[in-house]
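The structure appears below as structure tokens.
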Amino acid sequence: MLFDLLTTVETGGCSAKIPPRQLEELLKDMPLPADPRVMVDIATHDDAGVYKINDETALVITTDFFPPMVSDGYEFGLIAAANSISDVYAMGGTPLVALNIMMFPSTRIPMEVYKNILRGGLDKAREAGVSIIGGHTIDDWPPKYGLAVIGTVHPGRVITNAGVREGDELILTKPLGTGIILAGQRMKMITPLQHEHAVSLMKQLNARGAELMQKYGVRGATDITGFGLAGHALRMARGSGVTITIDMKSVPLLEGAYSLADLGCIPGAAFRNLDYTEGGTLFAGDLDYNLKMIAHDAQTSGGLLMAVSPEKSRELLKELHESGYGGAALIGKAIRKREADVVLQ
């Protein structure tokens, strides 16, 4: 009989993150490194750190791990690895090597599940061209898994969430709604196909998206994970000194996400994210409540949100569609800084 990992957790995936408001408060007084070779640190709450080695090479360094959001150990490993590696892609980098991070209760879950999680991580890393060269495990309940990843990027081509410029248009590469769909799965409110589609997107690497960002000269981007579209857009806007406007009617959604939200199936993480963003966000008076909450839905292994110059955005979007990101869409733009950091309309 297969062991169901969902029986070990109440909250899994990126929904398990500390609320962004609390995290920001914790980090605000942390000293920043004085090393001039550090190109990106926690100051702008970016996806990964960047450390310059020489004029041709900088290291992109990140780590990510979380509790299960699916029942099967192998699928959990695939998703967790894709999510961890995504932070390197979001910086425009090429991932190279990784270390496993595992917390596993060895006396409470069959060790075969442990093996399957690692096998999933290994297979996804291999797909990304990443070599897993070691790791660390502690005995802990509930299980958690992820990777510490190192990649490279040219120091002059680093992409950050502080690189958005006034006039840029915003492209989102994957539909929203994974948190809501996963909640719907637990409550037996969705179809197997709806769940399968969400899982397949969480397993999809953002590798081609990173390549296209470099091809089209994108300098501002992030990946959409635990703080939701609105939360990550807020950090981009503040880091870049612009206001970001998002047309929620243009945002791609997973099948079933809107109807679940309409039925009240909205995970707690969405409300915690709303608590973080509402002080810096202007919500249009006619904004659909369900779309407002979907904008705050915590995503696991979500898509890239990239800011591209208007003369290049349509061609970039076309190439994304041709490269397997069929749900990619143009969803907003960056405008001159206003009182609000983000406008949801």
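What follows is calculated from the coordinates using simple rules that are stated; it is not laboratory data. Quantities reported herein were computed from a predicted structural model and do not represent experimental measurements. As a convention, Cβ positions derive from the backbone with ideal geometry for all residues, glycine included, and neighbour counts pool all protein chains shown.
Okay, here's what the table says:
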item: Where Gln214 falls short, out of the listed (1) surrounded by fewer than 21 Cβ atoms within 10 Å (Cβ to Cβ); (2) more than 17 Å from Val308 (Cα to Cα); (3) out of contact with any strand residue (DSSP E or B) (no Cβ under 6 Å at 6 or more places or on another chain); result: (2)
item: Set Asp47, Asp35: member being acidic (Asp, Glu) and surrounded by 24 or more Cβ atoms within 10 Å (Cβ to Cβ); result: Asp47
item: Qualifying positions in the stretch 142-164 - of a type in the set (Gly, Ala, Ser) and touching a residue at least 24 places away in the same chain (Cβ under 8 Å); result: Gly146, Ala148, Gly151, Ala162, Gly163
item: Inter-residue pairs, beta-carbon under 7 Å, first in contact (Cβ under 8 Å) with a residue 12 or more places away in the chain and part of a helix (DSSP H, G or I) and in the stretch 173-198, second among the β-branched types (Val, Ile, Thr) and surrounded by fewer than 24 Cβ atoms within 10 Å (Cβ to Cβ), 6+ apart; result: Ile180/Ile266
item: Selection from the stretch 40-87 of residues that are touching a Leu at 6+ places or on another chain (Cβ under 9 Å) and free of Cβ contacts under 8 Å to residues at least 60 places away in the same chain; result: Asp41, Ile42, Ala43, Gly49, Tyr51, Ile53
item: Boolean, Met189 is more than 25 Å from Ile18 (Cβ to Cβ), in contact with a helix residue (DSSP H, G or I) (Cβ under 7 Å, 6 or more places away or on another chain) and surrounded by fewer than 17 Cβ atoms within 10 Å (Cβ to Cβ); result: yes
item: Residue among Thr191, Thr222, Thr178 that is touching a strand residue (DSSP E or B) at 6+ places or on another chain (Cβ under 7 Å) and among the hydroxyl-bearing types (Ser, Thr, Tyr); result: Thr222
item: Leading residue by the ranking (surrounded by the fewest Cβ atoms within 10 Å (Cβ to Cβ)) among those in the stretch 284-333 that are within 27 Å of Ala269 (Cα to Cα) and among the acidic types (Asp, Glu); result: Asp286
item: Selected residue (only one of Gly156, Gly135, Gly151 is part of a strand (DSSP E or B), surrounded by fewer than 24 Cβ atoms within 10 Å (Cβ to Cβ) and small (Gly, Ala, Ser)); result: Gly135
item: Odd one out for Ser86, checked against (1) crowded, with 17+ Cβ neighbours inside 10 Å; (2) out of contact with any Asp or Glu (no Cβ under 8 Å at 6 or more places or on another chain); (3) not β-branched (Val, Ile, Thr); result: (2)
